């Protein structure tokens with residue numbers, strides 16, 4: 001009897017300790033492998049009017065029912081690799097470290113472009129075609145590693161005959177497996193040289209003797225505000241104080257298309273309705289707007305690496 | 001040996017009890033503080049074509065990876081405080097008690113408008129600029145408390161220099177901390193007088209001797225149906241039976257712009273295709289539509305506090 | 001003292017074992033009843049510009065705060081039962097077994113159409129009006145069971161007076177209860193004969209002596225690609241090799257409206273920009289496109305059961 005009691009007590013102690021340990025471990029959400037789960041964020045140029053994006057989500061939840069699957073946007077203009085890359089650049093670092101982004105803007109599907117997962121030094125993952133869309137992310141955050149997706153193991157079972165929907169059968173699938181912890185980053189596929197990531201050439205922000213130069217990487221589409229890639233730190237070198245005038249010149253393919261003189265303000269409300277204003281946008285880059293108006297539409301400004309700006313302080 | 005056994009048994013008992021207690025507590029999803037988690041619902045006039053809303057979501061998930069973050073809509077017309085407020089009014093009480101709504105329609109960003117979290121007597125929370133957008137919610141559900149957001153503690157770390165994206169750096173951040181239980185409502189910031197919440201003046205629904213008066217708070221945008229703020233209980237006072245005729249007059253800035261005679265029906269199918277019908281909408285308010293047509297577009301009707309209606313029973 | 005110790009040890013053992021058992025059970029997410037939770041996927045023709053869809057989500061989360069609620073699309077063209085049904089067909093089987101789809105395209109609301117939950121032999125559930133929208137799902141996946149929703153028990157508490165929003169008060173509510181495990185499928189309501197599900201008649205894909213026949217069930221709306229219902233297996237019967245020419249004729253209401261000769265390629269990139277191409281789409285059905293162009297817009301092609309195609313190999 002005493003031996004029985006002893007055995008019972010010892011097993012109770014063991015069970016209790018095991019339970020307590022498991023509880024402590026489960027305080028952080030875990031997948032079967034024990035790695036933490038991360039959010040999966042989707043971006044495409046598919047739009048949301050048909051079943052394409054939903055099929056990607058379904059595949060992701062099929063990999064792991066507990067995943068957080070969120071959208072960046074699916075309204076990237078058709079085939080616009082540069083804008084897609086800029087939206088990643090605009091958004092990614094507001095998401096927790098370890099977040100996995102799947103970005104499918106893929107006019108080169110079926111050609112020789114590689115399918116990759118890029119890991120930045122900031123600790124986030126980017127899944128998609130390596131076609132230049134990771135230019136800004138790679139430049140700002142640095143490439144820690146670049147891996148080519150091994151489609152022999154990282155492809156939705158049963159797919160393989162569909163040539164046009166890598167978004168669902170490869171990218172969403174791999175992204176979900178990585179985000180859920182079902183595979184490690186190493187298991188994505190073979191490493192490529194970090195410096196081999198495809199980069200699109202463009203005019204980087206610079207100060208040439210008091211003339212700031214840069215491009216219009218994107219428009220703030222809803223309002224027609226014109227964003228530049230000129231950061232606050234560079235702008236401050238001009239020594240422009242709040243309410244002081246600035247001259248901005250816009251060029252398309254090197255031809256001058258628009259000039260404006262506007263004050264530097266902290267908010268749109270710093271000028272009258274309909275008037276132009278220069279301000280720092282939500283990424284702390286220089287931007288130009290009309291207060292409650294559409295600067296881009298009114299002045300026929302568009303965006304892309306062929307749209308450049310020059311900014312000077314008005315004496 | 002006996003003492004060791006005793007000690008072992010006691011600790012086993014303790015561990016087991018602790019484990020069992022923790023398990024019982026964890027049956028309800030909890031954040032570190034032990035408070036229950038609530039859903040976070042986002043509304044803006046940003047649209048979903050760029051990274052702005054996704055950055056808000058990223059900040060929310062960064063506060064708590066297990067949060068439910070859902071959208072109300074991001075298609076509020078630019079700067080339209082009244083429509084944004086109506087969408088909250090239309091939707092909020094279908095969400096569970098404790099739900100936290102973040103509504104960012106903020107033409108006054110950077111001016112003296114306050115950033116608040118309003119708690120209604122119905123037990124839901126509303127985060128955003130206090131610019132009149134909470135008019136209808138406050139009126140229907142009552143203000144239990146109003147607190148100003150203390151941005152010295154309730155602001156995303158590292159922000160503070162960006163003047164134009166309170167949506168991401170203050171509102172989404174505070175909303176997520178509140179929804180996840182990371183902070184209590186009291187920790188949002190100092191209390192303001194409940195009656196000080198900004199309210200937009202408008203014609204409330206009334207019965208003047210058999211003429212019902214009210215406004216067109218919003219259109220059912222997809223179909224062009226014209227919604228009023230006249231509730232079922234008031235309409236019933238006219239004693240109109242199903243299929244009986246009603247006269248509706250629409251005014252803009254007090255000028256008559258459209259008159260229609262239509263039957264009161266339970267559904268659109270109660271009249272022929274293209275014909276007008278008066279019905280009770282999904283909020284049980286009086287509304288006017290064309291069966292499978294667009295009443296608002298056809299008759300140039302818009303919405304807002306300057307659009308009024310008069311409804312009479314046709315003898 | 002000894003008896004106390006014994007009692008303590010035994011209860012410790014019991015507690016520990018209970019805790020361990022509970023932990024093991026909780027490894028799979030469960031609802032109160034012990035059934036597994038499934039995803040809830042929503043589709044409507046409501047658009048996302050107002051509060052209608054958000055109200056449906058709120059009701060779903062109110063049923064179970066831990067539900068995964070995702071969207072298929074809310075941009076189904078107004079009242080377009082056929083397109084809604086096609087989107088379910090296009091998407092559903094990429095979601096895990098047990099997923100519950102709520103599809104609300106309901107021009108017949110308030111009339112005698114039934115509200116049902118269909119269970120396919122593929123193990124997925126479809127909630128909505130039985131108005132023909134389940135035609136393709138039923139045909140491809142087979143109807144395991146069909147049940148009419150018993151609205152006396154499966155209706156949001158407090159609703160019952162609103163005649164126009166079954167999406168929120170019945171369908172989202174029932175869908176959430178089923179997906180969360182709060183009710184079993186049998187508890188939805190009484191069984192109807194499986195073969196009684198409403199089906200829309202249309203030209204099924206066929207090979208008539210080397211001429212393939214079928215319809216244009218839908219357009220790939222974003223790009224204007226023309227999808228057919230002619231599957232790969234049927235197309236292969238023509239013996240067309242990659243790069244070989246195919247003739248396609250499009251008919252509207254039996255009248256020929258467009259003819260094209262195009263090569264069969266694996267991707268759009270197989271032809272020059274702006275040129276027509278025949279390919280297999282993401283469902284492995286035959287489709288026609290212009291590489292980086294809009295075939296449907298350019299040739300005035302639309303979709304629906306009154307749009308037919310004939311495809312022949314060019315000798």
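The values are calculated or read from the model by the stated rules, or taken from the named source; none is laboratory data. Computed from a prediction, not measured in an experiment: that's the story for all the values here. Here the Cβ is made from the backbone with ideal geometry for all residues, glycine too, and neighbour counts use every protein chain on show.
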Tally up the residues in the stretch A:277-289 that are closer than 16 Å to residue A:245 by Cβ and more than 9 Å from chain B (Cβ to nearest Cβ), please. 5
Within the bounds of the stretch C:266-278, is there any residue that is out of contact with any helix residue (DSSP H, G or I) (no Cβ under 7 Å at 6 or more places or on another chain) and in a strand (DSSP E or B)? yes
Check whether at least one residue in the stretch C:131-144 is within 22 Å of residue C:305 (Cβ to Cβ), touching a helix residue (DSSP H, G or I) at 6+ places or on another chain (Cβ under 7 Å), assigned to a loop (DSSP other than H, G, I, E, B) and modelled with pLDDT under 95, and report yes or no. no
Considering residues that are surrounded by fewer than 16 Cβ atoms within 10 Å (Cβ to Cβ) and more than 23 Å from residue A:89 (Cβ to Cβ), the number found within the stretch A:120-177 is 7
When the stretch B:234-271 is examined, which residues are found to be out of contact with any strand residue (DSSP E or B) (no Cβ under 8 Å at 6 or more places or on another chain) and modelled with pLDDT of 95 or more? B:236, B:255
Condition broken by residue B:194, with the remaining ones in (1) surrounded by fewer than 21 Cβ atoms within 10 Å (Cβ to Cβ); (2) at pLDDT 95 or above; (3) under 26 Å from residue B:315 (Cβ atoms) satisfied: (3)
Could you check residue C:269 against (1) within 14 Å of chain A (Cβ to nearest Cβ); (2) free of Cβ contacts under 8 Å to residues at least 12 places away in the same chain and say which number it fails? (2)
If only one of C:84, C:62, C:16, C:47 is at pLDDT 55 or above and surrounded by 24 or more Cβ atoms within 10 Å (Cβ to Cβ), which one is it? C:84
All-but-one check, residue C:78 against (1) within 9 Å of chain B (Cβ to nearest Cβ); (2) at pLDDT 85 or above; (3) crowded, with 16+ Cβ neighbours inside 10 Å, failing number (3)
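This table checks each residue for (1) in a loop (DSSP other than H, G, I, E, B); (2) out of contact with any helix residue (DSSP H, G or I) (no Cβ under 8 Å at 6 or more places or on another chain); (3) at pLDDT 95 or above.
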| position | (1), (2), (3) |
| --- | --- |
| B:158 | yes, yes, no |
| B:162 | yes, no, no |
| B:174 | no, no, yes |
| B:200 | yes, no, yes |
| B:207 | no, no, yes |
Among the candidates C:104, C:117, C:100, single out the residue that is within 11 Å of the chain's Cα centre (by Cα), buried (at least 24 other Cβ atoms within 10 Å of the Cβ) and more than 7 Å from every other protein chain (Cβ to nearest Cβ). C:100
Can we say residue A:149 is in contact with a strand residue (DSSP E or B) (Cβ under 7 Å, 6 or more places away or on another chain) and either within 13 Å of chain C (Cβ to nearest Cβ) or at pLDDT below 95 (or both)? no
Look through the stretch C:217-262, keep the residues that are in a strand (DSSP E or B) and within 14 Å of another protein chain (Cβ to nearest Cβ), and return whichever of them is surrounded by the most Cβ atoms within 10 Å (Cβ to Cβ). C:226
